[in-house]
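Throughout, read-outs are computed from the coordinates displayed, never taken from laboratory work. Just so it is clear, the model here is predicted, and its values are computed rather than measured. Cβ atoms come from the backbone with ideal geometry, glycine included; neighbour counts cover every protein chain shown.
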Ligand code: ADP
């Protein structure tokens, strides 16, 4: 049995106590105080102090002080700066004895001796520990050894605290990334229960986080119909993630993700199109720790796809019809074996001209729509008489139909408004042409105007097929056409109302529709009467 001298036993007990404190709690100040207390007692000191470097500064900051009250911290300032030489052996501050006397005087204590040791973390100087004694003499080697053991403990405590802080910062960073991610993210434990659920995930799925944490993942992921790809439960049943443990090769499994796409059912009964990636997180032995689930709302993507295919089908249909007609009539007229009656020639040329006009208009609309998207709309403002514009359009359209009658009703004092005449003509033409197109049985088309001190309002009312309320907004979208039998056989690109809305809104006005299906629709638009309300350069997409 080895008998340790008494002070060794005490030192060992202190070090044990300090280690316990360090593992039990991570409050650095408390641990440093404990270390300092042990150092001062072990070295029969009167006052002790631990000071640490902060942010690489040359001056140290007191983190623990024993033997005098905290109000004396500033008194020690001269001993915490101007280190000329710091080695593992000791700390050298120029004029140390002089400074020590000043400190002692300020404290009113007979401090005669100071043992100072630097604290190191690897090779980095991180602070000092001081023990002040009231008796004179120099510190023995043993004193230094004792203090060194405590200084080492303090350095470890600082190291732990730094690590803890770093981990904490990293955790907060991750949390903030997760929280601000536009994609939905949830993290599952190996039993497929939800442990993390970010804001975007909440928005996409319609579930608040508190309702789902701890629940199995398939409480949230409920597919409306069979999704495309392999879903998680199915994959897990067939042994996913394939950790490669069997052959001992690939243990990371990083590329082993699953992707599945489909429509999720939300708690309020609505649906949302999503693409989900499941990524397994494995430990070094290839055991599953977590599954990171990334959920992306693919509504816009699908809309864009849909728009693209609508665009292609509409455009090809709309281009093909006039081109086929023009080619057919031109081919017939060219036949050398035929001797056409001048009336037939006239009629055929009229069709060719009409179809060429239709093509030109279509191209014009397409260009206008893409230009609008690229650069917004610029207006050429002048004084516009809407009454004249309407009358001119009506006379033009009247020649194209004998099933419809037009009625124009404006008060005599209807005001002149500032506007872009050419573009406003497009709006009126479009509303009139639609009124004709979408009332195939004919009827009355009424165009009226009213005004208030601020704005004018034009209405175009027909007795046609009308529109159900859920279409009232959408018909102003790009390429949108109501999907019914009449629209299918009526020519159109779904651009007319889109462009009309852009023009009216660029003028600072509003456009809209009210309708009773089967009885007709009333389209209206308003325009401000004074230029100050106009927005000249509005971007519309
Ligand atoms: P287009 O007429 O070229 O299809 P528009 O943008 O002018 O494109 O109109 C979009 C859709 O709105 C039309 O396809 C049609 O279904 C509907 N619509 C427009 N005007 C009327 C109307 N007066 N009555 C009923 N439906 C209409």
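Bin all alpha-carbon pair distances of the stretch 436-524 at 10 Å intervals from 0 and give each bin's fraction as a whole percent.
16, 48, 31, 5, 0
Any idea how far the Cα center of the stretch 479-502 sits from the one of the stretch 1-77, in Å?
Taking the Cα centre of each part, the stretch 479-502 and the stretch 1-77 sit 82 Å apart.
Compute the Cα gyration tensor for the stretch 29-151, then decide on rounded, prolate or oblate, letting a ≥ b ≥ c be the square roots of its eigenvalues: rounded whenever a/c is under 1.5, prolate when a/b is larger than b/c in the other cases, and oblate in all that remain.
Because its axes are fairly even, with a/c under 1.5, the stretch 29-151 counts as rounded.
Taking 7 Å along the Cα-to-C-beta vector as the label spot, tell me the residue 179-residue 337 distance in nanometres, rounded to one decimal.
8.4
Counting other beta carbons within 10 Å of each residue's own, what order do 313, 39 fall into, fewest first?
Details: 313 11, 39 28.
The order, fewest Cβ neighbours first, is 313, 39.
To make sure I understand, if each residue's beta carbon is the centre and we count other beta carbons within 10 Å, what order do 27, 143 fall in, fewest to most?
Numbers: 27 13, 143 19.
Lowest to highest Cβ neighbour count: 27, 143.
If you build the Cα gyration tensor of the stretch 392-467 and take the root of 5 times each eigenvalue, what three semi-axes come out, in whole angstrom, biggest first?
Working: eigenvalues 108, 36, 27 Å².
The three semi-axes for the stretch 392-467 are 23, 13, 12 Å.
Calculate how steeply helix 141-180 sits against the longest principal axis of the alpha-carbon atoms of the chain, using the helix alpha-carbon long axis, and give the answer as 0 to 90 degrees to the nearest 10.
So the inclination is approximately 10 degrees.
Could you give log10 I(q)/I(0) at q = 0.06, 0.08, 0.13 Å⁻¹ for the chain, computed by the Debye formula over C-alpha point scatterers of equal weight, without solvent?
-0.64, -0.79, -1.19
On a full-extension model of 0.36 nm per residue, what is the gain between residue 472 and residue 320, subtracting their alpha-carbon distance, rounded to one decimal in nm?
Value of the extension gain: 51.8 nm.
Distance from the Cα centre of the stretch 391-468 to that of the stretch 206-226, in angstrom?
Value for the Cα centre distance between the two parts: 52 Å.
Can you report the principal axis dimensions of the stretch 274-364 using only the alpha carbons, biggest first, rounded to whole angstrom?
91, 26, 14
For the stretch 354-393, what are the per-bin percents of Cα-Cα distances with bins 5 Å wide, up to the bin holding the maximum?
Per 5 Å bin, starting at 0, the Cα pair percentages come out as 6, 18, 12, 16, 24, 20, 4.
Ranked by Cβ crowding within 10 angstrom, fewest neighbours first, how are 96, 525 ordered?
96, 525
Per DSSP H run of n ≥ 4, the term is -39500 (n - 2.57); total these for the chain, divide by its residue number, and report the mean residue ellipticity at 222 nm rounded to 500 deg cm²/dmol.
Estimated from H runs of four or more residues: -13500 deg cm²/dmol.
Between residue 284 and residue 237, what length in nm is gained on full extension when 0.36 nm per residue of separation is reduced by their alpha carbon distance?
Additional length available on full extension: 14.6 nm.
Can you quote the Å³ per residue value for the convex hull of the Cα atoms in the stretch 117-190, rounded to an integer?
Residue-normalised Cα hull volume stands at 154 Å³.
Nearest 10 degrees, 0 to 90: what angle lies between the long axis of helix 421-437 and the longest principal axis of the chain (Cα atoms)?
The angle comes out at about 70 degrees.
Find the all-direction average of the projected area of the Cα convex hull for the stretch 161-318, expressing the result in square nanometres with one decimal place.
With every direction weighted equally, the projected area is 13.1 nm².
Out of the DSSP beta bridges found with both residues in the chain, what percent are antiparallel (nearest 5)?
Of all bridge pairs located within the chain, approximately 95 percent are antiparallel.
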